[in-house]
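This report concerns only the one structure given below.
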Amino acid sequence: MMLPAVVHAQSLEDLIPDSAVANPDGWAQQGVPSDQQVTPSIVPATPDGAAADVTVPAQVPNPPSVDNLTELDQETPLDNMPLVTVEWPDENEPVMIAPLAPDTDIQFVELERNSPTPRSRDIEKISNELTLAFLTNDKEAFPEKNAFVSRFKSLSTIVDLDDGDSVGKLAAQANKDEEMLQRLLRIYGYYNAQVMSTAGDGAAGGQTADPSVRFNIIPGKQYVYGTIDLAQLEQTGSDYKTLRSKFAIEPGDPVLQDKIVDEVANLGTALGESGYAFADVGAPELLIDHEREQGDLTVPVEPKGKYVFGHVTSDMPDFMSGTHLEKIARFNAGDLYQTSDQEDLRSAIQATGLVSTIDIKKVETSPPQGDQPGTVDLAVSMTKAPLRTVAGSIGYGTGEGARIEASWEHRNLFPPEGMFKVRGIGGTQEQLLGVTFRRNNVTGRDRILTLDAYATTVNRDAYYARTATIQGTFERVSTILFQKKFSYSIGLQLIGTQERESSTDEIKLPRETYYIAAVPLYGQMDTSNDLLDPDRGFRLAARISPEVSRTHGAQSFYSRNQFDASYYKRITGSVVLAGRVRFGFIPGASLDKIAPSRRLYAGGGGSVRGYGYQAIGPRNAAGEAAGGRSLTELSMEARIRTGFMDGAVSIVPFIDAGAVDRSSTPEFDDIKFGAGIGIRYHTSFGPIRVDFGVPLNPEPSDAPVGVYVALGQAF
């Protein structure tokens, strides 16, 4: 094993030999010829040992004198130098120098005299640390600049990590942003763009500031499409022209990568909506040719034939059969296949609440033959959801009191979609016990048959009633998932009720027994854009209920009628104005022949806010609202979105007015006004509403403030 050598350090005294110390002059001239040795100068010493100011020159043998020196001629040739082997050039022959071969790796760029410089409108300050400068003389050279800047700002590493980092950290972030800029420029079609970064420490005028980065961007020329190849799309024959128009990219258009993604999706949707059930649109390929400054786009398209719908089949026929699913579907056998109809069926099945998972597969039952389309069935596979539900709710309203409601239901006790429900209500002003049978989608989509039987006790400010009711209704209504432009219902009611108008301890009004048969009809035209929170459109609704009432052996015929209209208009991005008007009237019988529960009332959260529920109307002998035969209501409110909680909160100032009269035509003898402000908290399923209303011309029995809580807008 070889060990490393060890070197020891020596002092200067150790390196000087003793002979040099004894005779330094003799030691210094060792090896010098005797005729060239020099006698050293003798410097006398001063008494204190310091050097003297006078020196005696050393003795040099045969020293030349000034008189013996001759002036050298500049033309005198030099003596031979044995170590120099290169021949001296002949002064009579010119020297020829061979030219150097050009270096092909060096490229020269011709600089324009007026090179582009950023103008104030071309400089975008993203943050205190980051600036973009676009170097172009043509303001249209980068038409997508605004979108580009906004997109870069959302992706920038410097912006995301804007925490006053050091120059080193900022430089590392700048490298990431420079790569991002290059990628974004290619996305917008600038494949020969240049990005140059400059960094500074922020110092200026003797002041210190945070470090910053500026990117100078020369977009260059935007590439355009050369050829567009959509593979087998032409096999669609007569549909080709329409389908090709859905792919909105033509030769000569700018190469925008985002647009490629959008148009490929549009083409796939168009094929699916045109009957091509098994069409395949592959991943697009873009070939960039820098010499032509163009991109050639290829999209592999396979139409695979045209189809019509066949039948819908179910893997659980006893639970929800294929025949029932065909009732839910918006298409019939023989209709042209459309992907949207298939997805609509999926949503409709999900909306039943009976299934947790759904899988729909296309099954070819006959292939296309020439110009004749093929047939495709839809095979539906489902997984059951929990079918039994126990629910409860607690609420409170001014004029309505506290209320607790509970229910148990089985949503498919009588397949398909035959729901059975038991419900009960316990409250300060209402108690109820009832059973309900409902079958959804009974003869078609969103058509509901309901049979209901219940007994209830109601103690309102306007009346007291103990009632037993049996009723049936067939209706087509809007739902949160499927809002309808036109809804309707027709029903039959059989009612037995014992009622009296509100009394006091001093005045006890008698109870009256009424037997009522009614045929309530309802229709609504709805052009609004949202069921719970509209901001444009209108609604028109009518309720007409011909009724016969028997009390004290006498029969009375009358018709309860009510008409509603509401309008919604967005004024600005954050303000929506909404207005509502309601008219009601009951012709055909006097007020005392109509049961108190069947009369018209106003007041409450869905009527005139600030007043109690059904608290507006003519007064009886006890001074309580007794209802009437005509009704007029007007409401106006502004729904103003705020920036609070990321825009989820709105404030709603409102004013309402309403009048109830004993006659069947409005007389406005005692019109009431209410005003206030509401708060809305917007959720994914609709706004939660809290309104605070104040009666402007109250009766002595009216509360000073009304509070109303509900889901959805007031109207």
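Looking at region 119-136, which of the residues that are more than 11 Å from PRO219 (Cα to Cα) and outside any strand (DSSP E or B) is modelled with the lowest pLDDT?
From region 119-136, those more than 11 Å from PRO219 (Cα to Cα) are 119-132; that's our starting set.
Cutting the leftovers down to outside any strand (DSSP E or B) gives us 119-122, 128-129.
Details: ARG119: 62, SER120: 57, ARG121: 61, ASP122: 81, ASN128: 83, GLU129: 84.
Among them, the one singled out is SER120.
Restricting region 455-506 to residues that are over 19 Å from ALA595 (Cα atoms) and of a type in the set (A, V, I, L, M), which is farthest from the chain's Cα centre (by Cα)?
By that ranking, first place goes to ILE490.
Kindly list the number of the only condition in (1) within 20 Å of ARG689 (Cα to Cα); (2) surrounded by 22 or more Cβ atoms within 10 Å (Cβ to Cβ) that fails for GLY606.
(2)
Any idea which residue in region 688-715 is farthest from the chain's Cα centre (by Cα), counting only those that are hydrophobic (A, V, I, L, M, F, W, C) and in a strand (DSSP E or B)?
VAL694
Can you find, within region 246-256, the residue that is nearest to GLN342 (Cα to Cα) among those that are of a type outside the set (A, V, I, L, M) and surrounded by 16 or more Cβ atoms within 10 Å (Cβ to Cβ)?
Filtering region 246-256 for residues that are of a type outside the set (A, V, I, L, M) and surrounded by 16 or more Cβ atoms within 10 Å (Cβ to Cβ), the one nearest to GLN342 (Cα to Cα) comes out as PHE247.
Do you know which of the residues in region 329-360 that are touching a strand residue (DSSP E or B) at 6+ places or on another chain (Cβ under 8 Å) and β-branched (Val, Ile, Thr) is surrounded by the most Cβ atoms within 10 Å (Cβ to Cβ)?
Within region 329-360, the subset touching a strand residue (DSSP E or B) at 6+ places or on another chain (Cβ under 8 Å) is 329, 331-337, 341-342, 345-346, 349-350, 354-360.
Next cut, β-branched (Val, Ile, Thr) only: 349, 355, 357-358, 360.
Working: ILE349: 22, VAL355: 19, THR357: 10, ILE358: 14, ILE360: 16.
So, considering only residues that are touching a strand residue (DSSP E or B) at 6+ places or on another chain (Cβ under 8 Å) and β-branched (Val, Ile, Thr), the one surrounded by the most Cβ atoms within 10 Å (Cβ to Cβ) is ILE349.
Of all residues being touching a helix residue (DSSP H, G or I) at 6+ places or on another chain (Cβ under 9 Å), among the hydrophobic types (A, V, I, L, M, F, W, C) and not in a helix (DSSP H, G or I) in region 256-290, which is nearest to ALA147 (Cα to Cα)? Just the residue, please.
LEU256
Would you tally the residues in region 535-590 being assigned to a loop (DSSP other than H, G, I, E, B) and among the polar types (S, T, N, Q)?
The total comes to 3.
What's the number of the condition PHE685 fails, among (1) among the aromatic types (Phe, Trp, Tyr); (2) modelled with pLDDT of 90 or more; (3) surrounded by fewer than 16 Cβ atoms within 10 Å (Cβ to Cβ)?
(2)
Within region 179-196, is even one residue closer than 24 Å to ILE249 by Cα, of a type outside the set (Gly, Ala, Ser), at pLDDT below 75 and out of contact with any His (no Cβ under 8 Å at 6 or more places or on another chain)?
So far as region 179-196 goes, no, none of its residues is closer than 24 Å to ILE249 by Cα, of a type outside the set (Gly, Ala, Ser), at pLDDT below 75 and out of contact with any His (no Cβ under 8 Å at 6 or more places or on another chain).
Pairs under 7 Å by beta carbon, first residue within 15 Å of THR298 (Cα to Cα) in region 242-253, partner surrounded by fewer than 12 Cβ atoms within 10 Å (Cβ to Cβ), six or more apart or different chains?
PRO251/THR227
Please verify whether TYR681 is assigned to a strand (DSSP E or B) and within 17 Å of ALA602 (Cα to Cα), treating the condition exactly as stated. If you could, list the steps in order and put the result at the bottom.
Working: assigned to a strand (DSSP E or B): yes; within 17 Å of ALA602 (Cα to Cα): no.
Answer is no for this residue.
The values are calculated or read from the model by the stated rules, or taken from the named source; none is laboratory data. For clarity, every value in this text was computed on a predicted model and none was experimentally measured. Cβ coordinates were reconstructed from backbone atoms using ideal geometry, including for glycine residues, and neighbour counts include every protein chain displayed.
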